[in-house]
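Undergrad: The structure under discussion is supplied below as structure tokens; questions concerning it will follow.
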Amino acid sequence: MPHESGGKDRPATIGAPPRGVDSAAVKVLLVGSGGREHALAWKLAQAPGLTALHSAPGNPGIAALGDCHPVRAEDAETLLGLARSLDVDLAVIGPEAPLVAGVGDALRRNGIAVFGPSRAAARIEGSKSFAKDVMAAAGVPTAEALAVARPPCVVKVDGLAAGKGVFICETAEQLDEGLRAAAAYDGPIVIEELLDGDEVSVFALSDGHRVVALAPAQDFKRIGDGDTGPNTGGMGSFSPVPGFGTDEVAELVEQIHRPVVEELARRGTPFVGVLFAGLMLTESGPKVLEFNARFGDPETQSILPRLDGDLLGALAAAAGGDLEGVQLGVSDDAAVTVVLAAGGYPERADAGTPIDGIDDAEATGALVFHAGTALHGDRLVTNGGRILGVTGTGATVAEARASAYAGCERIRFEGVRYRRDIALDATAAPG
């Protein structure tokens, strides 16, 4: 079980020694407003050591678990003032944008313990070319970078693109389209070989030096059934992944995550937070597609319902620089998450459309995580591209999938769209 962490002689960031957090009594500030943050809030609210849960800006789902404050996730100065006024013990930063912008650094410099990497360490997600340089130095296998764009290949936006900056180009026409789409983003692009195989998302907590593996998940990035249409932020996920038990995940973390954490520490930018590796399982072994510097969305909604143990204690221990002895178990149950999106997503978001049926969905046993919602008076309405995540649990992936879709069928808003094939192939495998 996670234990109280103390300030060792290993820095969480340069110039800021880690501050120990008494995991028996913790006031938390959760930064972010999406489905991932709602799932984190849901799990943290179950921790025996939680004394208060605050979120900035939060969402209507999180508001049912704690206090939400109208502060933007990237507004470091106002977040710092809020954290001080609330006397929080631990800030948990959910989304990538504030991490890459250095919000964690601003809080740490002023004595607030933070779960989430520094700006320098978050470059592992904020710059794909930087990530490739780190992996080369660490000896971690990844897709080969190409000097010339020729199909088949993958075109990637180097910086953040909300999960939409990757373009699979199997034909010359797709390559032309991908290059045009990538040019709409600021900054350079990266061209890579197109890898073939199954994908898996593997997560590990890090205190800057140690790593603790979490359950794996598989996500579904494309908008349409059968993996058709453009990439999105994620249309669904499931856990466990067939063939990836505790031993297999531990081996991947040793092969992929630990060398990267060690390389970042060697560079003087230790990674404190959760390191998320998107892997392709090729015939020649696993290769990294990308690294993310935070929990995945919607993978988190499938991983946390399976987590056994004190997540709050583990996050506090990582933020304090001491994961020694921390263990988090995984239940034998499965979880499947289906994202309900706006009709125009991923090209357009939706705002102000009334949402009905969440209580009915939860009455079936499903978990409903708010991703893009708002309140107009006391009326819940849409406020984004991905609106809700519906998670079902069960003894097998098939049972969890049936539970998730039973919940989806009870939720209504104009234009709602969701994939009907999330985790379908996995239902044939045990677990």
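Undergrad: Restricting attention to the stretch 120-162, which residues are outside any strand (DSSP E or B) and over 27 Å from E254 (Cβ atoms)?
TA: Matches in the stretch 120-162: L146, A147, V148, A149, R150, P151, P152, D158, G159, L160, A161, A162.
Undergrad: Here's another thing I want to ask about it. Only residues that are among the β-branched types (V, I, T) and not in a strand (DSSP E or B): list them for the stretch 259-309, please.
TA: V260, V261, T269, T300, I303
Undergrad: For the stretch 360-387, which residues satisfy the criterion of being among the polar types (S, T, N, Q) and not in a strand (DSSP E or B)? Before you say what the answer is, go through the steps one by one.
TA: Filtering the stretch 360-387 for residues among the polar types (S, T, N, Q) gives 364, 373, 382-383.
Listed by number, the list holds a single entry, T364.
Undergrad: Then there's this: Can you find a residue in the stretch 416-426 that is farther than 13 Å from M235 by Cα and in contact (Cβ under 8 Å) with a residue 60 or more places away in the chain? Full working, then the answer.
TA: Of all residues in the stretch 416-426, those farther than 13 Å from M235 by Cα come to 424-426.
Keeping just the survivors that are in contact (Cβ under 8 Å) with a residue 60 or more places away in the chain gives 426.
The answer is yes; a qualifying residue exists.
Undergrad: Would you point out the residue of the stretch 196-214, among those that are of a type in the set (G, A, S) and open to solvent by 10 Å² or more (accessible area, probe 1.4 Å), that is modelled with the highest pLDDT?
TA: So the residue we want is A213.
Undergrad: Before we move on, is P188 surrounded by 20 or more Cβ atoms within 10 Å (Cβ to Cβ), under 30 Å from T269 (Cα atoms) and touching a Ser or Thr at 6+ places or on another chain (Cβ under 8 Å)?
TA: It is false that P188 is surrounded by 20 or more Cβ atoms within 10 Å (Cβ to Cβ), under 30 Å from T269 (Cα atoms) and touching a Ser or Thr at 6+ places or on another chain (Cβ under 8 Å).
Undergrad: Please work out if V339 is modelled with pLDDT of 95 or more, β-branched (V, I, T), within 25 Å of A217 (Cα to Cα) and out of contact with any Phe, Trp or Tyr (no Cβ under 7 Å at 6 or more places or on another chain).
TA: Values: modelled with pLDDT of 95 or more: yes; β-branched (V, I, T): yes; within 25 Å of A217 (Cα to Cα): yes; out of contact with any Phe, Trp or Tyr (no Cβ under 7 Å at 6 or more places or on another chain): no.
Taking the combined requirement at face value, the residue does not satisfy it.
Undergrad: Every residue in the stretch 215-233 that is part of a loop (DSSP other than H, G, I, E, B), modelled with pLDDT of 95 or more and either aliphatic (A, V, I, L, M) or touching a strand residue (DSSP E or B) at 6+ places or on another chain (Cβ under 7 Å) (or both), please.
TA: Correct list: A215, P216, F220.
Undergrad: Another one. Need pairs with beta-carbon distance below 7 Å; first residue in contact (Cβ under 8 Å) with a residue 12 or more places away in the chain and at positive phi and within the stretch 344-373, second buried (at least 17 other Cβ atoms within 10 Å of the Cβ) and aliphatic (A, V, I, L, M); sequence gap 6+ or separate chains.
TA: Partner pairs satisfying both residue conditions: G352/V381; G357/I411.
Undergrad: Do we find a residue being open to solvent by less than 10 Å² (accessible area, probe 1.4 Å) and either part of a strand (DSSP E or B) or among the hydroxyl-bearing types (S, T, Y) (or both) anywhere in the stretch 319-332?
TA: Within the stretch 319-332 (the criterion being open to solvent by less than 10 Å² (accessible area, probe 1.4 Å) and either part of a strand (DSSP E or B) or among the hydroxyl-bearing types (S, T, Y) (or both)), the answer is no, since none of the residues qualifies.
Undergrad: Taking only pairs six or more apart or across chains, which ones have beta-carbon atoms under 6 Å, a first residue in the stretch 85-105 that is farther than 17 Å from K128 by Cα, and a second residue that is open to solvent by 10 Å² or more (accessible area, probe 1.4 Å) and assigned to a helix (DSSP H, G or I)?
TA: Hits for this filter: G94/R36; V103/A76.
Undergrad: Here is a further query. When you go through (1) assigned to a helix (DSSP H, G or I); (2) in contact with a helix residue (DSSP H, G or I) (Cβ under 8 Å, 6 or more places away or on another chain); (3) surrounded by fewer than 22 Cβ atoms within 10 Å (Cβ to Cβ) one by one for L312, which number turns out not to apply?
TA: Failed condition: (3).
Undergrad: Another question, then. Go through (1) within 30 Å of A137 (Cα to Cα); (2) modelled with pLDDT of 95 or more for G313 and report which single condition fails.
TA: Checking G313 against (1) within 30 Å of A137 (Cα to Cα); (2) modelled with pLDDT of 95 or more, the one that fails is (1).
Undergrad: Among E173, E193, E177, which is at pLDDT below 95, touching an Asp or Glu at 6+ places or on another chain (Cβ under 7 Å) and over 30 Å from L307 (Cα atoms)?
TA: The match here is E193.
Undergrad: How many of the residues making up the stretch 47-62 are open to solvent by 50 Å² or more (accessible area, probe 1.4 Å) and in contact (Cβ under 8 Å) with a residue 40 or more places away in the chain?
TA: Counting residues in the stretch 47-62 that are open to solvent by 50 Å² or more (accessible area, probe 1.4 Å) and in contact (Cβ under 8 Å) with a residue 40 or more places away in the chain gives 1.
Undergrad: Take the residues in the stretch 388-431 that are small (G, A, S) and part of a loop (DSSP other than H, G, I, E, B); name whichever of them is least open to solvent (accessible area, probe 1.4 Å).
TA: Step by step, filter the stretch 388-431, then rank; the result is A423.
Undergrad: Confirm whether F220 is open to solvent by less than 30 Å² (accessible area, probe 1.4 Å), in contact (Cβ under 8 Å) with a residue 40 or more places away in the chain and touching a Phe, Trp or Tyr at 6+ places or on another chain (Cβ under 8 Å).
TA: Working: open to solvent by less than 30 Å² (accessible area, probe 1.4 Å): yes; in contact (Cβ under 8 Å) with a residue 40 or more places away in the chain: yes; touching a Phe, Trp or Tyr at 6+ places or on another chain (Cβ under 8 Å): no.
Taking the combined requirement at face value, the residue does not satisfy it.
Undergrad: Going by the structure shown, is G229 farther than 25 Å from R306 by Cα and without any contact (Cβ under 8 Å) to a residue 60 or more places away in the chain?
TA: yes
Undergrad: Does E177 satisfy the criteria of being surrounded by fewer than 18 Cβ atoms within 10 Å (Cβ to Cβ), under 22 Å from K132 (Cβ atoms) and either free of Cβ contacts under 8 Å to residues at least 24 places away in the same chain or over 15 Å from the mean Cα position of the chain (by Cα) (or both)?
TA: Considered against the rule, which asks whether it is surrounded by fewer than 18 Cβ atoms within 10 Å (Cβ to Cβ), under 22 Å from K132 (Cβ atoms) and either free of Cβ contacts under 8 Å to residues at least 24 places away in the same chain or over 15 Å from the mean Cα position of the chain (by Cα) (or both), E177 comes out as no.
Undergrad: Another question about this same structure. Cβ-Cβ below 9 Å, separation at least six or inter-chain, first residue in the stretch 259-278 and on the phi > 0 side of the Ramachandran plot, second surrounded by 20 or more Cβ atoms within 10 Å (Cβ to Cβ) and part of a helix (DSSP H, G or I): which pairs?
TA: G273/L99; G273/G104; G273/L315; G273/A318; G273/A319
Undergrad: Further, regarding this structure: Could you tell me whether any residue of the stretch 135-154 is under 29 Å from A349 (Cα atoms) and surrounded by fewer than 16 Cβ atoms within 10 Å (Cβ to Cβ)?
TA: no
The values are calculated or read from the model by the stated rules, or taken from the named source; none is laboratory data. Computed from a prediction, not measured in an experiment: that's the story for all the values here. Note: ideal-geometry Cβ built from the backbone for every residue, glycine included; neighbour counts use all protein chains shown. Quick note on the areas: whole protein, heavy atoms, side chains included, nothing else; ligands and nucleic acids left out. Shrake-Rupley method; radii C 1.70, N 1.55, O 1.52, S 1.80 Å.
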